[in-house]
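Asker: Attaching a single structure in structure tokens format; questions to follow.
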Amino acid sequence: MKFFGKAMILFLGAYISLIAILALIENIFLASAVALFGSLFIYLFIAFVMRTKDVSEFYVAGRSIGSIPIGASIASNWMSGASFVSMAGVIALLGFDGLPYIIGWTLGYCIAAFMIAPFIRKSATYTIPEFIETRACYWPIARLVAVFILFIISFTYLIAQLVTTGIIVGRFLGLPAILGTIISSIIVIAFAGSGGWKSIVWVNVAQYFILIVAYWCVFIAAAYVAGIFNPWPHIGYGGILTTLELKEIQFGLRTLTEPFLRVLGGGMGELNWIFSALCLMLGTVGLPHVLSQFYLVKDVRTARYGVAWGLTFIGLLYITAPVYAILARYAFSQTWGMAIKDVFNLAWVQKWLPTGLIKLSDVNRDGILQPPEMSFHNDIVVIGMPDMFGLPWYFTPIIAIGGLAAALSTANGLIMVMAIGATRDIYKKFINPNASERKEIWIGRAMLIVLSVISSIFGARALDDPTFSTYVALLVGWAFVFAAASFTPIIILGIFWKDLNKYGMVMGMISGLAIALPYVVGVGLYGMPPITIFGSKIGTIAWGTLAFLINLIVTIVVSLATGGKKANTKEVLRFVDELKTPE
Amino acid sequence: MSKFPYLKSNLIYIYKKLDYIFVKREKVKYNLQEKNESTPSEGSDEKLRKYWNKLKKITIIWMLAWLFPAVIIHLMSPITSSIKILNGIPLHWFNTSLLSILIGIALIFCYAFVMDRVDRIFKKEEGA
């Protein structure tokens, strides 16, 4: 290990020196490319050092990870390329009505800490489908259904990550996006194939610190230029927010912070806002790639503290995104009322206009830029921030490295969850239960390659076909709805309620999905008018909360009607009891 | 169903067969494990019951506390939106974008600390 430590220090020294030399000779493109692709070698190096042939290390990192590393791994696995690049942009567009994403994707971890993580760890199962099968009296159909849902959610998520990686490589280096997608697939195979979860956790830890440093570096520099260090940017932006809102009022716009005015997931109003946030929270704890991290920790205590650290690390990005949004919106507002020709001459506008991330058009032909005449894509808020505030060139590759780390870290976890699902939940369970450990690992590696190839083909298709890409984006958004409507109630009741039986579980999942799916498809795809409850239009995301409640009710009623506890075997009741026993 | 008189019985047969193949094997595996483990004493059962009741109580308290940053604080947004703090930040925006997340983090750390203490007390009692 000492040798690897020295080798790593040497590599980092060479990496930084090479970038510095290229920067000094003013070859900015090459310096950026070396910085971006060099970061991949750091991850590959860690994955290589952590390689393993042990099944337990491959599947659950030997259940040996401490609370701070698992916190960092949870955070980087959670924060996707989209979170990194687009989250602030969504808030810049939707204002207060975009904030359900912020609290929904953070406070769900409280539910995980109080009701799920320690018990999942205690269950000693290897995968969520295995947990569900065990709780459903070892009913294999329950495991198959769970694997199917796991694949749908993880696969769409993975395609979105590969697309983001391709876009990042494409935008920052001018290379074809499809190349970025293929490269990231190969890299992910290398991470995951070398040591399974053991490699991935440590790669994720490195990726977390790289992504958060990148996000914060640019933020701190932009905040300094904008003068919001009074005393700290997260509480010091009142001045520019007031200026921004006065300008919005002057131009007849709704202010950014006005609540419950904009459309969110096809709905609108206070109840839609609250339900959307709740659905994202409930969905978070039902997502397989989130839950799978709880298997990797040393013990129950570490699981609890691990989630706490996880939320702390996630929070560092999520409390910063709204301030990013305000900074970007403030920068945009500086152009309102300017002569169009002067706006075209701004350096950051000139740089980003050809990418299509901002669009300008003098609709009323008065020569003056009005707010509706400038439209922007979500992504410009983070990736264009260094240019908006005139920061030096090296901030742009820093953001690219962070975005790449974010996209790859999520892809790592997703592909691993699917590979284990295919190996342990299908191959080992149904095809070859007597497979040796060595064979199991090789099957796992083969699955990684197959899944990576399939997902990169779909990723390439998404890059080529905007309609297909839209469906992928919608599916990713709805993954939370489906997770909240299917997995979450079953897992919580499975831990806390002995009367839950397999009939209740299956009927609950079916009814949750039967409530969620038609509404989501009808309103989200076919433009059906949303249902109004207490004056709020309930959008597709908010509907997930109602589907969760329906699942909960159906599960309880069916379980009680079919004998409750009596329908469970003695072994299952013992399994539930063991979840409660402290280690 | 009347058009397919054997369908129902065939489905039941397949289900039973699957149930037998997969469940029976796992049951045997589990029973073997069970035999190797010692049965906890009645006193230990009582302690476990108390521990579980305490855990449930703590979980309920923390879930109720979680409702504050997750729901209640945002229900007040129409009122708090007119209150400005820190040189012009609307209170509802501040509550949602920063305060609720910080409360969430604090809640999890407090929960981990409290449960850790409860676990230690349980282990001590078990040892005694």
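The values are calculated or read from the model by the stated rules, or taken from the named source; none is laboratory data. Computed from a prediction, not measured in an experiment: that's the story for all the values here. Note that we place each Cβ from the backbone using ideal geometry, even for glycine, and neighbour counts take in every protein chain shown.
Asker: Restricting to segment A:278-306, and then to whatever is over 10 Å from residue A:108 (Cα atoms) and of a type in the set (S, T, N, Q), can you tell me which residue is farthest from the other protein chains (Cβ to nearest Cβ)?
Answerer: Step by step, filter segment A:278-306, then rank; the result is A:292.
Asker: In addition: If I ask for residues that are closer than 13 Å to residue A:425 by Cβ and either among the aliphatic types (A, V, I, L, M) or within 11 Å of chain B (Cβ to nearest Cβ) (or both), which ones from segment A:120-129 would you list? Talk me through it step by step, then tell me what you get.
Answerer: Step one: filter segment A:120-129 for residues closer than 13 Å to residue A:425 by Cβ, giving A:125-129.
Listed by number, the list holds a single entry, A:128.
Asker: If you don't mind, another one. Go through segment B:62-128 and tell me which helices (runs of 4 or more DSSP H), entirely inside it, have 2 or more residues that are farther than 15 Å from residue A:322 by Cβ.
Answerer: B:77-80, B:100-127
Asker: Among the residues of segment A:220-249, what is the count of those that are within 14 Å of another protein chain (Cβ to nearest Cβ) and either buried (at least 20 other Cβ atoms within 10 Å of the Cβ) or assigned to a helix (DSSP H, G or I) (or both)? Explain how you work it out, then say what you get.
Answerer: Step one: filter segment A:220-249 for residues within 14 Å of another protein chain (Cβ to nearest Cβ), giving A:226-249.
Keeping just the survivors that are either buried (at least 20 other Cβ atoms within 10 Å of the Cβ) or assigned to a helix (DSSP H, G or I) (or both) gives A:226, A:228, A:233-249.
Within segment A:220-249, residues that are within 14 Å of another protein chain (Cβ to nearest Cβ) and either buried (at least 20 other Cβ atoms within 10 Å of the Cβ) or assigned to a helix (DSSP H, G or I) (or both) number 19.
Asker: Going by the structure shown, is residue B:52 closer than 21 Å to residue A:308 by Cβ and within 7 Å of chain A (Cβ to nearest Cβ)?
Answerer: Values: closer than 21 Å to residue A:308 by Cβ: no; within 7 Å of chain A (Cβ to nearest Cβ): yes.
No.
Asker: So which of A:209, A:151 ends up being under 24 Å from residue A:31 (Cα atoms) and either assigned to a helix (DSSP H, G or I) or modelled with pLDDT of 85 or more (or both)?
Answerer: Details: A:151 fails: under 24 Å from residue A:31 (Cα atoms).
After applying the criteria, what remains is A:209.
Asker: Keeping to segment A:250-308, report how many residues are buried (at least 23 other Cβ atoms within 10 Å of the Cβ) and of a type in the set (Lys, Arg).
Answerer: Within segment A:250-308, residues that are buried (at least 23 other Cβ atoms within 10 Å of the Cβ) and of a type in the set (Lys, Arg) number 1.
Asker: Would you check if residue A:141 is in a helix (DSSP H, G or I), surrounded by fewer than 19 Cβ atoms within 10 Å (Cβ to Cβ) and within 14 Å of chain B (Cβ to nearest Cβ)?
Answerer: Working: in a helix (DSSP H, G or I): yes; surrounded by fewer than 19 Cβ atoms within 10 Å (Cβ to Cβ): yes; within 14 Å of chain B (Cβ to nearest Cβ): yes.
Judged against the criteria, residue A:141 is a match.
Asker: Among the numbered criteria (1) within 20 Å of residue A:471 (Cβ to Cβ); (2) more than 25 Å from the chain's Cα centre (by Cα); (3) assigned to a helix (DSSP H, G or I), which one does residue A:527 miss?
Answerer: Evaluating residue A:527 over (1) within 20 Å of residue A:471 (Cβ to Cβ); (2) more than 25 Å from the chain's Cα centre (by Cα); (3) assigned to a helix (DSSP H, G or I) leaves (3) as the failure.
Asker: Out of the residues in segment A:564-574 meeting the condition of being buried (at least 16 other Cβ atoms within 10 Å of the Cβ) and more than 8 Å from every other protein chain (Cβ to nearest Cβ), tell me which one is nearest to the chain's Cα centre (by Cα).
Answerer: My answer is A:572.
Asker: Next question. Checking the structure you have, find out if any residue of segment A:483-502 is within 26 Å of residue A:185 (Cβ to Cβ) and within 27 Å of the chain's Cα centre (by Cα). Don't jump to the end; show me each part of the working.
Answerer: Step one: list which residues in segment A:483-502 are within 26 Å of residue A:185 (Cβ to Cβ), which gives A:483.
Narrowing further to those that are within 27 Å of the chain's Cα centre (by Cα): A:483.
Yes, segment A:483-502 contains at least one residue that is within 26 Å of residue A:185 (Cβ to Cβ) and within 27 Å of the chain's Cα centre (by Cα).
Asker: Does segment B:97-113 contain at least one residue that is at the interface with chain A (Cβ under 7 Å from one of its Cβ atoms), surrounded by 13 or more Cβ atoms within 10 Å (Cβ to Cβ) and over 24 Å from the mean Cα position of the chain (by Cα)?
Answerer: Initially, segment B:97-113 is screened for residues at the interface with chain A (Cβ under 7 Å from one of its Cβ atoms), giving B:97-98, B:100-101, B:104-105, B:107-109, B:111-112.
So of that shortlist, the ones also surrounded by 13 or more Cβ atoms within 10 Å (Cβ to Cβ) come out as B:97-98, B:100-101, B:104-105, B:107-109, B:111-112.
Narrowing further to those that are over 24 Å from the mean Cα position of the chain (by Cα): B:97-98.
Looking for residues that are at the interface with chain A (Cβ under 7 Å from one of its Cβ atoms), surrounded by 13 or more Cβ atoms within 10 Å (Cβ to Cβ) and over 24 Å from the mean Cα position of the chain (by Cα), one finds at least one in segment B:97-113, hence yes.
Asker: Output the residue which, of all residues in segment A:532-551 that are among the hydrophobic types (A, V, I, L, M, F, W, C) and touching a Leu at 6+ places or on another chain (Cβ under 9 Å), is surrounded by the fewest Cβ atoms within 10 Å (Cβ to Cβ).
Answerer: Applying the first criterion (among the hydrophobic types (A, V, I, L, M, F, W, C)) to segment A:532-551 yields A:533-534, A:538, A:541-543, A:546-550.
This time we only want the ones that are touching a Leu at 6+ places or on another chain (Cβ under 9 Å), so: A:533-534, A:538, A:541-542, A:547-548.
Working: A:533: 15, A:534: 8, A:538: 25, A:541: 29, A:542: 31, A:547: 26, A:548: 27.
Ranking the candidates gives A:534 first.
Asker: In the list A:313, A:344, A:332, which residue meets the criterion of being modelled with pLDDT of 90 or more, in a helix (DSSP H, G or I) and within 14 Å of chain B (Cβ to nearest Cβ)?
Answerer: Working: A:344 fails: within 14 Å of chain B (Cβ to nearest Cβ); A:332 fails: within 14 Å of chain B (Cβ to nearest Cβ).
Just one listed residue meets the conditions, A:313.
Asker: Looking at the structure I just gave you, is residue A:353 crowded, with 18+ Cβ neighbours inside 10 Å and touching a helix residue (DSSP H, G or I) at 6+ places or on another chain (Cβ under 8 Å)?
Answerer: Values: crowded, with 18+ Cβ neighbours inside 10 Å: no; touching a helix residue (DSSP H, G or I) at 6+ places or on another chain (Cβ under 8 Å): yes.
No, not satisfied.
Asker: In segment B:61-87, what residues are at the interface with chain A (Cβ under 10 Å from one of its Cβ atoms) and hydroxyl-bearing (Ser, Thr, Tyr)?
Answerer: B:77, B:80, B:81
Asker: Would you confirm, using the coordinates I've provided, whether residue A:548 is farther than 23 Å from residue A:474 by Cα and assigned to a helix (DSSP H, G or I)?
Answerer: Numbers: farther than 23 Å from residue A:474 by Cα: no; assigned to a helix (DSSP H, G or I): yes.
So residue A:548 does not fit the description; no.
Asker: Would segment B:88-96 turn up any residue that is surrounded by 15 or more Cβ atoms within 10 Å (Cβ to Cβ) and within 28 Å of residue A:582 (Cβ to Cβ)?
Answerer: Quick first cut of segment B:88-96, residues surrounded by 15 or more Cβ atoms within 10 Å (Cβ to Cβ) only: B:88-96.
Remaining after also requiring within 28 Å of residue A:582 (Cβ to Cβ): none.
No, segment B:88-96 contains no residue that is surrounded by 15 or more Cβ atoms within 10 Å (Cβ to Cβ) and within 28 Å of residue A:582 (Cβ to Cβ).
Asker: For the condition closer than 25 Å to residue A:59 by Cβ and in contact with a His (Cβ under 8 Å, 6 or more places away or on another chain), what is the one hit in A:138, A:157, A:109?
Answerer: Working: A:138 fails: in contact with a His (Cβ under 8 Å, 6 or more places away or on another chain); A:109 fails: in contact with a His (Cβ under 8 Å, 6 or more places away or on another chain).
Exactly one of A:138, A:157, A:109 is closer than 25 Å to residue A:59 by Cβ and in contact with a His (Cβ under 8 Å, 6 or more places away or on another chain), namely A:157.
Asker: Which pairs have Cβ atoms under 7 Å, sit 6 or more apart or on different chains, and link a residue in segment A:429-455 that is loosely packed, with under 15 Cβ neighbours inside 10 Å to one that is hydrophobic (A, V, I, L, M, F, W, C)?
Answerer: Short answer, once both residue conditions are applied: A:437/A:55.
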